[in-house]
Amino acid sequence: MIYKTFHIKTLFYLLPAVFIFLTFNVIPGLTSLVLSFFDFSGFETNLFRKFVGIDNFIKIYEDKYFWIALKNTFLFVFGAVFIQTGIALVLSIFIFFGNFKFSVLVRSIIFFPCVLAPVSVGLVWKKILEQDGVLNSILGLDYSYLSSVSLVMWLIIMVNTWQWIGYNLVIYYAGLQSMNIELLEASDIDGANWSQKIFSIIIPLLWPTTILNMILNLIGGFRAFDIVYVLTRGGPAHYSEVLASYLYYYSFSAGGPNKMGVGAAVAFVIFACILTIAVARIIISKKIRREN
Amino acid sequence: METNKINNYGASFKRSPVFYVITRIVVLFFIIIIIFPLLYTLSLSVRSPETVYSARYFLIPYEFSFANYIDAFVNAEQKLKVSFPRMFINSAVVTSLSVTLIISMSIFAAFAFSHLRFPLKESLYNVMIASVAMPAQVLLIPLFYILIYLGIINTYQAVILAYAGFLIPIGILILRMFYEQIPYELTEAGTVDGASDLQLLMKVLLPLAKPAIATCVILLFLDTWNEFIYAMIFMQDPTIHTVPVGLAKIGTSRYQVNIGTYSASVMITIIPVMIIFAVFQRWFIAGMTMGALKH
């Protein structure tokens, strides 16, 4: 520490960043919670004129599409947290221990979609999945995948997995590179085969990395909007809506209801979900620390 | 070096033919899955308009043509009122200014968090950590009105300030952790020599923090260049559309563009990123890994 106590010069370092952070992050975040109790549309100047209590929440509670959006969001998060992390785990172990000649190239290829805009990725897949797309030519089918109510959400999850699997992969790879190798050497002497090594040693040792990947995917899962927007715009008939796109539809969409108070209520729900998870995470990590 | 390390403890992995075959099949499968959609879009974009619906093995065009790329440029300019070069300039302006603003402010703020004392330090820091997990859409509606009140909606500043508020915690998080890893003796020696805190930051910490700043640049570049919803809602004036917004309009518009033009438009946004990635891939992968491990 340079100063033992607070010094006025500290503000010079701190204020620009904190000012921007408060004005464009904390204040809008809190305002959003307040706005969910007001009724306003995109054309008003005084947003706080019409207080409606919990009407906005009743409105979304009674809207069947809100529940679809909520269910889809959880499904999406589930896919990102378990399916995507699981595939990345297997893939990273295979690439790391598979003695590939071009393992750097393999990783770069699988990682590459991560640097693309989700909008570009969505549009690439949209043409593949459309009725006259190449998937139907390959499979010899004539099916409109993106208009299938039961399939559409899984396809969105698949496209998202396609884009982000490389991200989890390189994080796992970093975990594998820093793994304690003594146990593996010992198991070699004991004559363990490859599947025993993977299930009894490598996967348990990678557990902290798995938790990290799951948390990253959980946070990313609630953010998903771009990919839904370009692939389906929430369709068919709102069946692939997630909370973020539902918020957009209610508040900003050109053909939508233009009810921003309802949008703010949806933001409140997203906020509550993330907050619950964040608090749970802090409690769990404190518990683990106490046990150790 | 890496392979030597594996050889040392990979004995049973190398000995097992089953493992060898399974890894080849699985990894090859995933490489095809990753590459095929991109190659397919590339293939569509270089087919001549007459042969656009057919190709050898789904990928090799019967007739090559760059007409689709010309169509894509013309289509964007006529229907969107914003040309592709203009979109790239818009994205470049927004990205470079946001990244510069965020990093220059984070360098100083992170120093206050790591080396100086002030009231409510850890509470403020916890709020920043929590805000990193918050989806951007939560701030969307109030930000929209704040930007209207400030009179900067539909300008570059609208999006730049929104990005700054949203991404500053990431810069501060990464730089603070890095500053704190720098050995205490170094700053101590500086203080004994009579260096002021500003000199300490500029002459001791910053030169050592170059890798952390590189990580920030990469993470923030990707976040801002690819960002969509803020750019779409805060800059609705077509002439200042960024690349993702313009592309989304082309790809999801009511009037259908033909599949060749569509694919060429998508490729125009992918190819520059592909070139940058090919050159800097190590930095991208290292940067994103490092950014994730800081969570």
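None of the figures in this text is laboratory data; all of them are computed from the coordinates on show. Nothing here was measured: the structure is a model prediction, and the numbers come from that model. All Cβ positions, even for glycine, are placed from backbone atoms using ideal geometry, and neighbour counts span all protein chains on display.
How many percent of the alpha carbon pairs in the stretch B:65-153 exceed a separation of 20 Å? Show your work: numbers first, answer last.
Numbers: 2554 of 3916 pairs.
Cα-Cα pairs of the stretch B:65-153 separated by over 20 Å account for 65 percent.
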*Rounded to the nearest 10 degrees, what's the angle between the helix A:260-291 long axis and the longest principal axis of chain A, both from Cα atoms, 0 to 90?*
40
*Find the Cα radius of gyration of the stretch A:1-152, compare it with 2.2 N^0.38 Å by division, and give the number to two decimals.*
1.68
*asked:* Sequence gap at least 6, Cα distance under 8 Å: using those rules, report the relative contact order of chain B to the nearest whole percent.
replied: 27
*Mind computing the radius of gyration and Dmax over the alpha-carbon atoms of the protein assembly as shown? Å is fine for both.*
25.1, 77
*15 Å reach of a label modelled at A:Trp207, 7 Å along Cα-to-Cβ, counting backbone N of the stretch A:162-201*: A:180, A:199-201
*What FRET efficiency do you get for B:Val74 and A:Asn46 if R0 is 45 Å and r is their Cβ-Cβ distance, rounded to the nearest 0.05?*
0.50
*asked:* Only helices at least 27 Å long along their own axis, judged from Cα atoms, and with Kyte-Doolittle mean hydropathy of -1.0 or greater: name those in chain B from DSSP H.
replied: B:17-45, B:84-115, B:156-181, B:259-293
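At most 16 other C-beta atoms within 10 Å and a DSSP loop state: those are the exposed GluC sites (Glu not before Pro) I care about. Give me the longest piece of chain A that has none.
Details: sites that count: A:Glu44, A:Glu130.
Longest site-free region, per DSSP loop and neighbour criteria: A:131-292.
Starting with the fewest neighbours, write out A:Lys101, B:Lys81 ranked by other beta-carbon atoms found within 10 Å of each beta-carbon.
Numbers: A:Lys101 8, B:Lys81 13.
Exposure proxy ranking, most exposed first: A:Lys101, B:Lys81.
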*asked:* Sorted from largest to smallest, which semi-axis lengths in Å does the alpha carbon gyration tensor of chain B give for its equivalent ellipsoid, taking the root of 5 times each eigenvalue?
replied: 41, 32, 16
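Assigning unit charges at the beta carbon (Lys, Arg +1; Asp, Glu -1) and nothing else, what dipole magnitude in debye, to the nearest 20, does the stretch B:83-293 show about its Cα centre? Walk me through the numbers on the way to the answer.
Details: 9 positive and 9 negative charges, 108 e Å.
The dipole of the stretch B:83-293 has a size of about 520 debye.
About its Cα centre, what dipole magnitude does the stretch B:192-295 give when the only charges are +1 on Lys and Arg Cβ and -1 on Asp and Glu Cβ, stated in debye to the nearest 20?
Numbers: 6 positive and 5 negative charges, 55 e Å.
Computed about the Cα centre, the dipole is about 260 debye.
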*What is the spin-label model distance, in nm, from B:Thr191 to A:Gln177 if the labels are put 7 Å beyond Cα along the C-beta direction?*
3.5
*Exposure proxy ranking, count of Cβ atoms within 10 Å, fewest first, for B:Trp225, A:Trp207, B:Trp283*: A:Trp207, B:Trp283, B:Trp225
_Show me the three semi-axes of the equivalent ellipsoid for the stretch B:1-151, from the C-alpha gyration tensor (sqrt of 5 times each eigenvalue), largest first, rounded to whole Å._
43, 37, 14
*Which of the lysines could a cross-linker bridge to A:Lys127, judged by Cα under 22 Å and excluding same-chain residues fewer than eight apart?*
B:Lys79, B:Lys249
*So between B:Ile271 and B:Tyr57, what do we pick up on full extension, going 0.36 nm a residue minus the alpha carbon distance?*
74.7 nm
*Just name one of B:Ile271, B:Gly291, A:Ile288: the one whose Cα is farthest towards the positive end of the charge dipole of the protein assembly as shown (beta-carbon charges, Lys/Arg +1, Asp/Glu -1).*
A:Ile288
*Hull surface divided by four, with the convex hull built on the Cα atoms of the stretch A:74-218: how many nm²?*
10.6
*Return the whole-Å distance between the Cα centroid of the stretch B:233-275 and the Cα centroid of the stretch A:58-125.*
23
*If one takes the longest principal axis of the Cα atoms in chain A, at what angle in degrees, from 0 to 90 and to the nearest 10, does the Cα axis of helix A:64-78 lie?*
20
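To the nearest 20 debye, what is the magnitude of the charge dipole of the stretch B:57-178 about its Cα centre, counting +1 on the Cβ of each Lys and Arg and -1 on the Cβ of each Asp and Glu? Walk me through the numbers on the way to the answer.
Working: 6 positive and 4 negative charges, 86 e Å.
Roughly 420 debye, rounded to the nearest 20.
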*asked:* Ignoring everything except DSSP H segments at least 4 long, calculate the 222 nm mean residue ellipticity for the protein assembly as shown; use -39,500 (n - 2.57) per segment, divide by total residues, nearest 500.
replied: -21500 deg cm²/dmol
*Taking R0 as 51 Å, what's the FRET efficiency between B:Ala278 and A:Ile283 from their Cβ-Cβ distance, rounded to 0.05?*
0.70
*With 22 Å as the limit, write out which pairs from A:Lys50/A:Lys259; A:Lys197/B:Lys14; A:Lys259/B:Lys81 have Cα-Cα distances beyond it, or answer none.*
A:Lys259/B:Lys81
_Degrees separating the helix A:152-177 axis from the principal Cα axis of chain A, which is the longest one_ = 50
